[in-house]
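Contents: one structure, followed by commentary.
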Amino acid sequence: MRKNGQTKTCAQCGVEFYAQASHVSQKYCSAECYNQSRNVTPEETKEWWAKWRIEHAVELKERDREYKRTHREQLNARSKRYRAEHPEYRKHRHDQQMAERRDKKQALVDLFGGACQRCGYSKMQAALEFHHINAQSKKEKPAALVGQGTTEYALVELDKCALLCANCHAGLHHGEFEPVWVKRDGWGWTIEQDQQEDEARWHE
């Protein structure tokens, strides 16, 4: 038996496995065995966890922040040591983070209709922005949510937003139009149909 952990026998397949100290009540060696014991498919389990992460997104984010706050010195020292041992890491990690950021934003854009909710512009992802319907309810900047944290946590905040292109977003903040907002069937908000532009004249 390892330190602080426990060697257990899987209740489904009978194989011995190591349970960490924080998971001593664990009965199964893997998610596959757990699914088999409950007679559910991996897809059903994935869907359940996705829903659970959305429902507990704020709690999970706060837990992550608290951990980083209380372990800041250890985390910084580990990161500094790793970068010193792997000088190629900085460039590789930067490229990786940019790719992850683009993929995450595209997933969010797709969930919010994939195009500006006023004029329908959808050609360039970088020109699509999230606008808070009620500035008083704003807790985080959309740009920060896209760059940090989980998609589930971002959805909790961005559900208060509408997807607009940069032109429409700037026009809204400069008072060029006053939209009537309505909730979308999915995530986020949109403009009442009879107020939407008939053509994307700014993008021609």
Looking at the stretch 23-33, is at least one residue of a type in the set (F, W, Y), surrounded by 12 or more Cβ atoms within 10 Å (Cβ to Cβ), farther than 30 Å from L145 by Cα and outside the structural domain of K139 (by TED's automatic domain parsing)? yes
Given (1) touching a Lys or Arg at 6+ places or on another chain (Cβ under 9 Å); (2) closer than 21 Å to A57 by Cα, where does R90 come up short, assuming only one miss? (2)
Please state which of the following conditions V109 fails to meet, knowing it meets all the rest: (1) in the same structural domain as A143 (by TED's automatic domain parsing); (2) surrounded by fewer than 13 Cβ atoms within 10 Å (Cβ to Cβ); (3) modelled with pLDDT of 90 or more. (2)
Can you find, within the stretch 159-184, the residue that is farthest from H56 (Cα to Cα) among those that are touching a helix residue (DSSP H, G or I) at 6+ places or on another chain (Cβ under 8 Å), at pLDDT 90 or above and buried (at least 16 other Cβ atoms within 10 Å of the Cβ)? N167
Return a yes/no flag: does the stretch 48-59 have any residue that is in contact (Cβ under 8 Å) with a residue 60 or more places away in the chain, among the β-branched types (V, I, T) and within 29 Å of L158 (Cβ to Cβ). yes
Within the stretch 68-173, considering only helices (runs of 4 or more DSSP H) that don't extend past its boundaries, which have at least 2 residues that are in contact with a strand residue (DSSP E or B) (Cβ under 7 Å, 6 or more places away or on another chain) and in contact (Cβ under 8 Å) with a residue 12 or more places away in the chain? 166-173
Assess whether E44 counts as being of a type in the set (D, E), outside the structural domain of I133 (by TED's automatic domain parsing), part of a helix (DSSP H, G or I) and under 24 Å from the mean Cα position of the chain (by Cα). yes
Expected single match for in the same structural domain as I191 (by TED's automatic domain parsing) and farther than 28 Å from R184 by Cα among R93, R81 is R93
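The values are calculated or read from the model by the stated rules, or taken from the named source; none is laboratory data. All figures in this text were calculated on a predicted structure; none of them were measured in a lab. For neighbour counting, all protein chains shown are included, and Cβ atoms are generated from backbone atoms with ideal geometry for every residue, glycine included.
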